[in-house]
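Here the structure is laid out as structure tokens; the discussion comes afterwards.
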Amino acid sequence: MIQEARGVVAREAPSPGSAALEPLRALPGLVHACLLDESTGRVLAELGTDGGAARAVLEWGRRAGAVADERRLSLEDLIVTSDTAYHLIRAIGESRSDGRWVYLLVDRERGNLALARRRLAAVTTVGARSSTRPAVR
């Protein structure tokens, strides 16, 4: 059963990543949103839960990005649909090489794909202007 996203699940101290996900909090049909750091494999910020789908979709995003690079194309976002949900992923920062991605899981019955893409673009714009990488000590 899909449950509505209720709030940020703290995996570490609040970060700029938590603020970056704010435009998604009221997205109709939102089940899960997270900010992933590809280089460390860490979830930097999260709304709701996904049952592990984010990592699989991130791998598809990496593969699609590699194909786009080979063809000298720009990958804006990746959308995977199932009978119950929309899965969206988008690189955040100046380029995909920054290693940060935003993932969305939206319930198809309650959500709107076009609105989800717009909100995802807003998150990646905010994230590109702020550093979401954890401090190195």
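Please enumerate the residues belonging to the stretch 69-88 that are without any contact (Cβ under 8 Å) to a residue 24 or more places away in the chain and part of a strand (DSSP E or B).
Hits for the stretch 69-88 are Leu78, Val80.
Any idea which of Ala13, Ala26 is at pLDDT 80 or above, out of contact with any strand residue (DSSP E or B) (no Cβ under 6 Å at 6 or more places or on another chain), farther than 19 Å from Gly51 by Cβ and among the hydrophobic types (A, V, I, L, M, F, W, C)?
When all the criteria are applied, what remains is Ala26.
One line per residue, one yes/no per condition, for (1) modelled with pLDDT of 90 or more; (2) open to solvent by 80 Å² or more (accessible area, probe 1.4 Å); (3) closer than 21 Å to Ala122 by Cα:
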residue	(1), (2), (3)
Ala19	no, no, yes
Ala33	yes, no, yes
Asp37	no, no, yes
Arg42	no, yes, no
Gly48	no, no, yes
Gly51	no, yes, no
Ala54	no, no, yes
Gly65	no, no, yes
Glu76	no, yes, yes
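The values are calculated or read from the model by the stated rules, or taken from the named source; none is laboratory data. As the structure is a prediction and not an experimental result, all values here were calculated from the model. Methodologically, a virtual Cβ is constructed for each residue, glycine included, from the backbone with ideal geometry; neighbour enumeration extends over all protein chains shown. Note: areas computed on protein heavy atoms with side chains; ligands, DNA, RNA excluded. Shrake-Rupley method; radii C 1.70, N 1.55, O 1.52, S 1.80 Å.
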